[in-house]
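Every number here is computed from the coordinates shown, using simple stated rules; none is lab data. If you're wondering where the values come from, they're calculated on a predicted model, not measured in any experiment. Cβ atoms come from the backbone with ideal geometry, glycine included; neighbour counts cover every protein chain shown.
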Amino acid sequence: MTTTTNTSVQIEDATAAVRPRVRRRVRDDDDTRRTNWWATALIAVCSLTILVPLYLAVVVALKTPDQLTSGTGFEWPNPVRWENFADAWQRTSFPQALANTAFITVGSVVFTLLTSSIVAYAIARNIHRPFFKGVFFYLLAALFIPFPIIMLPLVKQTSLLGMDNQVGMIVLYTIYGLSLNIFIYTAYIRSIPIELEEAARVDGASTWRVFWQVIFPLLMPMNATVGILTCVWAWNDFIMPLVVLTEPSARTLPLAQYVFQGQFNTDYTVAFASYLMAMAPLLIVYIFSQRWVISGVTRGSIK
């Protein structure tokens, strides 16, 4: 009994002697973590370039035309005019334009992820062959062709093929995004060890099974990147829907908002209200999907 008691006392004394050292070590580590004020100031200035225009957009959307012409523009409106959002909802036929834009955006993202990843996988694993290397550089060369050069032939071709609708827009976004997306995917796929595929092939997996069960799950960081780029592009694009879509009922949100731009005047208050309404769905999608985006990037960093 005495031996047990002495052992307990010795353990407590040793623990008490170690605790100050641990605390001192933690404090020393905290002291070395100094704030980089230059980087903090740079981040603050960069954040202002986003927050200030966003604040102006909200303020203008809540003002009356008379309040907009008086003051510096930064004043908070008093009273607030919420009717601007109702006017924008009616004048742009917001539900129909939102449905058209969502259909085109979702379809473009899905088909882009499927087609670009498959083509990039074929090119990345056969880049040593002259044919695949030529296809890769051919697609890269398409990045240097400005869209206005091919705009008029595109309008004629889509009209002849009956693709001047939402389905045609999905096809065009998928095709015109191939160049940049394949460039992104190919560089990432070449960093994936070939031994993973060889191990799957030893177990009897076919090429398609290797891609869908081994390669595609590892492409989550690039899928998130390509998906975000395609989503923002298809959602905010104005010029391609303007020249391709012919039916007024098929117009997207950017086309519907063009109704506020007149020859002699512009209804800024209602226009900015419609801009905020069009921006809200993208923010909601990001809020609910950020966990998958962050997890995909984290998974890629520890691959």
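Against the condition buried (at least 17 other Cβ atoms within 10 Å of the Cβ), out of contact with any strand residue (DSSP E or B) (no Cβ under 8 Å at 6 or more places or on another chain) and part of a helix (DSSP H, G or I), how does TYR138 come out, does it pass? So that I can check it myself, show each step before the final result.
Working: buried (at least 17 other Cβ atoms within 10 Å of the Cβ): no; out of contact with any strand residue (DSSP E or B) (no Cβ under 8 Å at 6 or more places or on another chain): yes; part of a helix (DSSP H, G or I): yes.
Spelling it out, it is not the case that TYR138 is buried (at least 17 other Cβ atoms within 10 Å of the Cβ), out of contact with any strand residue (DSSP E or B) (no Cβ under 8 Å at 6 or more places or on another chain) and part of a helix (DSSP H, G or I).
Taking the criterion of being among the aromatic types (Phe, Trp, Tyr) and in contact (Cβ under 8 Å) with a residue 40 or more places away in the chain, would at least one residue in the stretch 55-68 satisfy it?
No, the conditions are met nowhere in the stretch 55-68.
Do any helices (runs of 4 or more DSSP H) lying entirely in the stretch 174-258 carry at least 3 residues that are within 18 Å of the chain's Cα centre (by Cα) and either surrounded by fewer than 18 Cβ atoms within 10 Å (Cβ to Cβ) or not small (Gly, Ala, Ser) (or both), and which ones are they?
Numbers: elements: 178-189, 194-202, 207-210, 220-236, 239-244, 253-257.
Once the helices (runs of 4 or more DSSP H) in the stretch 174-258 are filtered for at least 3 residues that are within 18 Å of the chain's Cα centre (by Cα) and either surrounded by fewer than 18 Cβ atoms within 10 Å (Cβ to Cβ) or not small (Gly, Ala, Ser) (or both), what remains is 178-189, 220-236.
Check whether at least one residue in the stretch 58-80 is assigned to a helix (DSSP H, G or I) and under 30 Å from LEU180 (Cβ atoms), and report yes or no.
Taking the stretch 58-80 as the starting set, the residues that turn out to be assigned to a helix (DSSP H, G or I) are 58-61, 65-69.
Narrowing the set further to residues that are under 30 Å from LEU180 (Cβ atoms) leaves none.
For the stretch 58-80, residues assigned to a helix (DSSP H, G or I) and under 30 Å from LEU180 (Cβ atoms): absent.
Pick from VAL210, VAL259, VAL270: which is under 26 Å from THR115 (Cβ atoms) and not hydroxyl-bearing (Ser, Thr, Tyr)?
Working: VAL259 fails: under 26 Å from THR115 (Cβ atoms); VAL270 fails: under 26 Å from THR115 (Cβ atoms).
It is VAL210.
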